[in-house]
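A.B. asks: Sharing a structure below in structure tokens format, with a few things to ask.
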Amino acid sequence: MKVCFKTKRNTEEISIAQDENILFAGLKAGLTLPHECASGTCGTCQGQVLTEDSLIDNWKDAPGKKHIPEDTNRILMCQSSCRQDTNIRVFGPLKKQNNEYPRPNYFDANMISSIRENDEVISFKLKLNKDFSFIAGQFIMLQPNTLSGWRAYSICNTKLSSDEIELVLKKTPNGGFSNWLFKYANFKKSLKAFGPLGKASLKPKSGDTDIIAIVGGSGIAGIMAVLEDALKTDHLKVNKAKVFFGLRDKEKSFFLKRLNDLVLKSENSLQVIVGYSETVADHNIKNLFPCLSFETGWIHEIALKEISSKSLLEGTTFFVAGPPVMVDKTEQKLKEELNIKPEHIRIDRFG
Ligand code: FES
């Protein structure tokens with residue numbers, strides 16, 4: 001089957017398989033289609049159907065649909081597939097991808113190991129059936145062979161070309177995939193994967209200097225990769241990084257040892273502030289992780305209280321990741337109160 005994407009200026013035609021996700025088919029074909037989460041949440045990938053009855057809506061209640069204007073015959077491309085040849089009007093740039101990011105593709109993946117970080121967070125490693133190139137900060141889509149729908153996960157590791165990746169997942173109530181993973185993490189199950197996706201990466205060549213990350217829960221995953229990469233490439237020899245990491249309490253903590261080790265390795269160019277939203281950090285945890293600072297409160301409020309626009313170096317880049325409400329509030333305040341330009345805010349919005 002064929003999909004013909006149209007804007008006022010451009011037209012691009014691609015082939016698409018039966019049941020294939022329209023966004024994935026377009027990205028795999030090398031097009032730049034508007035998207036962010038690729039999982040039905042953000043509403044960025046809207047397209048207008050120009051061929052009647054040609055599409056299948058794969059997620060009727062996708063939260064991203066609240067962004068679709070009424071009576072517009074628009075769909076979310078990341079949640080639609082084709083039943084016949086179709087024409088779709090795209091709202092955003094439509095051109096061939098340049099080589100800034102690796103072109104996404106499909107992979108077969110096998111779970112090779114997992115660690116229960118606490119009772120609701122699991123980190124796990126996947127082995128892919130071929131080499132996988134990505135840039136630190138990107139994410140991948142996963143689909144177990146026995147479940148429908150794709151979920152997005154940030155890649156924690158930094159090796160830029162490898163057939164193994166590490167991911168983090170937080171259990172969500174009624175979350176089909178997270179329940180599946182918690183149940184089968186030790187059974188070497190196989191999954192389908194599509195990626196890499198996302199542009200929340202550090203761009204030193206475009207003038208990025210200091211890093212400020214404001215992240216909640218499993219949103220830390222992509223930042224781990226960005227920080228490790230910044231250390232490996234000596235970006236932190238001449239720039240500084242500050243991470244505000246929000247967790248509920250000591251029992252729900254994870255990755256603190258890894259962060260503590262990164263601070264040590266950075267020779268003071270990295271500072272990590274952990275914010276507990278429900279408790280005060282006790283002496284035990286402070287002694288266990290002496291390189292980290294601990295505060296109490298919502299992490300975006302702690303961060304925004306501490307950041308003053310006057311002290312920001314030109315090119316300071318903000319990374320924001322975590323629950324959608326926290327991400328939206330933080331992005332809004334960075335823009336409105338600190339006058340941070342959109343190109344210096346990198347968002348991981350698939351939470
Ligand atoms: S990219 Fe489709 S809803 Fe976010």
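A.B. asks: Consider only pairs whose beta carbons are under 8 Å apart and that are at least six residues apart or on different chains; among these, list those whose first residue lies in region 249-261 and is touching a residue at least 40 places away in the same chain (Cβ under 8 Å) and whose second residue is of a type outside the set (Lys, Arg) and assigned to a helix (DSSP H, G or I).
C.D. replies: Matching pairs, first to second residue: Ser253/Ile285; Phe255/Ile220; Phe255/Met224.
A.B. asks: Considering only residues that are within 16 Å of the ligand (Cβ to nearest atom) and without any contact (Cβ under 8 Å) to a residue 40 or more places away in the chain, look in region 328-351 and name the one that is surrounded by the most Cβ atoms within 10 Å (Cβ to Cβ).
C.D. replies: Among them, the one singled out is Glu331.
A.B. asks: Okay, next question. Kindly indicate the residue of region 279-303 that is part of a helix (DSSP H, G or I) and free of Cβ contacts under 8 Å to residues at least 40 places away in the same chain and also most open to solvent (accessible area, probe 1.4 Å) among those meeting that condition. Spell out how you get there, then give the answer.
C.D. replies: First, the residues of region 279-303 that are part of a helix (DSSP H, G or I): 283-288, 299-303.
Still in the list and also free of Cβ contacts under 8 Å to residues at least 40 places away in the same chain: 283-288, 301.
Working: His283: 139, Asn284: 102, Ile285: 10, Lys286: 86, Asn287: 117, Leu288: 118, Glu301: 101 Å².
Once the filter is applied, the top-ranked residue is His283.
A.B. asks: Let me ask something else. Does region 135-147 contain any residue that is among the hydroxyl-bearing types (Ser, Thr, Tyr), touching a residue at least 24 places away in the same chain (Cβ under 8 Å) and in contact with a strand residue (DSSP E or B) (Cβ under 7 Å, 6 or more places away or on another chain)? Steps first, please.
C.D. replies: Here is the first cut: in region 135-147, the ones among the hydroxyl-bearing types (Ser, Thr, Tyr) are 146.
From what is left, the residues that are touching a residue at least 24 places away in the same chain (Cβ under 8 Å) are 146.
Among the residues that remain, those that are also in contact with a strand residue (DSSP E or B) (Cβ under 7 Å, 6 or more places away or on another chain) are: none.
Checked region 135-147: no residue is among the hydroxyl-bearing types (Ser, Thr, Tyr), touching a residue at least 24 places away in the same chain (Cβ under 8 Å) and in contact with a strand residue (DSSP E or B) (Cβ under 7 Å, 6 or more places away or on another chain).
A.B. asks: Among the numbered conditions (1) of a type in the set (Ser, Thr, Tyr); (2) at pLDDT below 95; (3) surrounded by 15 or more Cβ atoms within 10 Å (Cβ to Cβ), tell me where Ser309 comes up short.
C.D. replies: Against the list (1) of a type in the set (Ser, Thr, Tyr); (2) at pLDDT below 95; (3) surrounded by 15 or more Cβ atoms within 10 Å (Cβ to Cβ), Ser309 comes up short only on (3).
A.B. asks: Can you tell me which residues in region 1-33 are in contact with a Pro (Cβ under 7 Å, 6 or more places away or on another chain) and under 14 Å from Cys78 (Cβ atoms)? Break it down stepwise before answering.
C.D. replies: Keep residues of region 1-33 that are in contact with a Pro (Cβ under 7 Å, 6 or more places away or on another chain), which gives 27-28, 32.
Once the filter is applied, which keeps residues that are in contact with a Pro (Cβ under 7 Å, 6 or more places away or on another chain) and under 14 Å from Cys78 (Cβ atoms), region 1-33 yields Leu27, Lys28.
A.B. asks: So, in region 159-207, exactly how many residues are within 27 Å of His344 (Cβ to Cβ) and part of a helix (DSSP H, G or I)?
C.D. replies: The qualifying residues number 3.
A.B. asks: Taking region 108-127 only, how many residues are in a strand (DSSP E or B) and open to solvent by 10 Å² or more (accessible area, probe 1.4 Å)?
C.D. replies: At the first step, the residues of region 108-127 found to be in a strand (DSSP E or B) are 108-118, 121-127.
Next, only the ones that are open to solvent by 10 Å² or more (accessible area, probe 1.4 Å) stay: 108, 110, 112-118, 125, 127.
Qualifying residue count for the region: 11.
A.B. asks: Right, here's the next one. Report the residue count in region 1-32 for those that are part of a loop (DSSP other than H, G, I, E, B) and within 14 Å of the ligand (Cβ to nearest atom). Give the steps one after another, and end with the answer.
C.D. replies: Taking region 1-32 and keeping what is part of a loop (DSSP other than H, G, I, E, B), we get 1, 7-10, 16-21, 29-30, 32.
Those left that are additionally within 14 Å of the ligand (Cβ to nearest atom): 21, 32.
Result for region 1-32: 2.
A.B. asks: Do any residues in region 34-60 that are more than 13 Å from Val3 (Cβ to Cβ) have Cβ atoms under 9 Å from those of residues that are of a type in the set (S, T, N, Q) and within 6 Å of the ligand (Cβ to nearest atom), where the two are at least six apart or on different chains, and which pairs are they?
C.D. replies: Note: pairs meeting the criteria are Pro34/Thr44; His35/Thr44; Glu36/Thr44; Cys37/Thr44.
The values are calculated or read from the model by the stated rules, or taken from the named source; none is laboratory data. Just so we're clear, the structure is a prediction, and the values are computed from it rather than from any experiment. FYI the Cβ positions are ideal-geometry reconstructions off the backbone, even for glycines, and counts take in every protein chain you see. For accessibility, only protein heavy atoms count, side chains too; no ligands or nucleic acids. Shrake-Rupley method; radii C 1.70, N 1.55, O 1.52, S 1.80 Å.
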